[in-house]
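Each remark here refers to the structure printed beneath this line.
Values in this text are rule-based calculations from the coordinates and carry no lab data. For clarity, every value in this text was computed on a predicted model and none was experimentally measured. So basically every Cβ, Gly included, is an ideal-geometry build from the backbone, and we count neighbours across all protein chains shown.
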C-alpha cells in the first residue's frame, strides 16, 4: 500500500514563488525548478496547473517555438 505525503505548499504557490524570484521562464525550465522543490512530478500535472493559473489571470503562457512556451506572471493593474 502506498501513501502520498501532502506537500507544505500547493503547486500553484510554488509556481508563483518561482516566477517571482526568477522572472519569466520556459515551461521546461519551470518544470525543472518545480521538480527540485516538489520531487517527482509529471509534466502533465504542471501543464494542468499552468492552465488553471492562466484562466485565473495570474500567469500568461505564450508560444515561443514548437514544443516550447514562455511562462510569466501577469502584471498587476493599478486600480484608482
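Can you tell me the orientation of helix 11-22 relative to the chain, as the angle in degrees between its alpha-carbon axis and the longest Cα principal axis, to the nearest 10?
50 degrees
Counting other beta carbons within 10 Å of each Cβ, put 50, 41 in order, fewest first.
Numbers: 50 21, 41 16.
Ascending Cβ contact count within 10 Å gives the list 41, 50.
Per the Kirkwood definition applied to all pairs of different Cα atoms, how many angstroms is the hydrodynamic radius of the range 11-73? Display every interim value, and only then the final one.
Details: mean 1/r = 0.0870 Å⁻¹.
In the range 11-73 this quantity evaluates to 11.5 Å.
Hey, what angle do you get for helix 27-38 against the long axis of the chain, alpha-carbon based, 0 to 90 degrees rounded to 10?
40 degrees
Using the 10 angstrom Cβ neighbour count as an exposure proxy, how do 21, 52 rank, fewest first? Intermediate values should be presented prior to the final figure.
Details: 21 8, 52 14.
The fewest-first ordering by Cβ neighbours comes to 21, 52.
Provide the gained length on full extension for the span residue 36 to residue 70, in nm with one decimal, where the gain is 0.36 nm per separating residue minus the Cα-Cα distance.
Numbers: separation 34, 0.36 × 34 = 12.24 nm, distance 1.94 nm.
So the extension gain works out to 10.3 nm.
Among 34, 13, what is the fewest-to-most ranking by other Cβ atoms within 10 Å?
Values: 34 19, 13 11.
Ranked by crowding around the Cβ, least crowded first: 13, 34.
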